[in-house]
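**Student:** Can you read through this structure? Questions will come right after.
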Amino acid sequence: MKYRKYYGRSKIIECPFCSKQAIAKNKQDVPTCIEHKDQNLPDLKCACGSWLDLLVSKHGPYFRCFKCGNVKWQRAIEINGKPTPQNIEKKEIKQKSVPEKTKKQYVLNNHTKTYGYAKIESKNKKEVFIRSDEVDFI
């Protein structure tokens, strides 16, 4: 159903997964809502039976069929139905174990907390004093 266009409402893009207003883009440059930002659009088929390639232009996303040519975004979604999101695999980050002697401990209001890494100080430090009348140093 087409509604009358008001000022500022001429280009409202909907998320293909949940029909909310799309304000973000996923890795495929498909406009989605924030909830589906990390999910991919599945492969879609054309009415002729061949696969559709997802392309993005300055006017928004569209599809290309080898037999039919360019296919509008809305038409491809109508042919295939509402797509189900595919999760993108996230790489797990392994945390390194930190030795206890490199951790810093702070005491605040009688509570001991451990934060981050402490600077490991070398035992053989030598302090050197330089006076302003020593020219040999520079």
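The values are calculated or read from the model by the stated rules, or taken from the named source; none is laboratory data. Note that this is a predicted model, so its numbers are computed, not measured. Cβ placement follows ideal geometry from the backbone for every residue including glycine, while neighbour counts extend to all protein chains displayed.
**Student:** From the set of residues in the range 30-52 that are loosely packed, with under 14 Cβ neighbours inside 10 Å and farther than 15 Å from Pro83 by Cβ, which is nearest to the chain's Cα centre (by Cα)?
**Tutor:** Here the answer is Ile34.
**Student:** Next question, about the same structure. Look at Lys72 and say whether it is surrounded by fewer than 16 Cβ atoms within 10 Å (Cβ to Cβ) and over 21 Å from the mean Cα position of the chain (by Cα).
**Tutor:** Spelling it out, Lys72 is indeed surrounded by fewer than 16 Cβ atoms within 10 Å (Cβ to Cβ) and over 21 Å from the mean Cα position of the chain (by Cα).
**Student:** Within the range 13-27, how many residues are surrounded by 13 or more Cβ atoms within 10 Å (Cβ to Cβ) and either outside any loop (DSSP other than H, G, I, E, B) or out of contact with any Ser or Thr (no Cβ under 8 Å at 6 or more places or on another chain) (or both)?
**Tutor:** The total comes to 6.
**Student:** Only residues that are out of contact with any Phe, Trp or Tyr (no Cβ under 8 Å at 6 or more places or on another chain), under 16 Å from Asp29 (Cα atoms) and in a loop (DSSP other than H, G, I, E, B): list them for the range 40-54, please.
**Tutor:** Hits for the range 40-54 are Leu41, Pro42.
**Student:** Which residues, counting only those in the range 65-88, are at pLDDT 85 or above, of a type in the set (A, V, I, L, M, F, W, C) and part of a loop (DSSP other than H, G, I, E, B)?
**Tutor:** Phe66, Cys68
For (1) outside any loop (DSSP other than H, G, I, E, B); (2) at pLDDT below 65; (3) more than 28 Å from the chain's Cα centre (by Cα), each residue gets a yes or a no:
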position	(1), (2), (3)
Val56	yes, no, no
Phe63	yes, no, no
Lys90	no, yes, no
Gln105	yes, yes, yes
Thr112	yes, yes, yes
Ile120	no, yes, yes
Val128	no, no, yes
Val135	no, no, yes
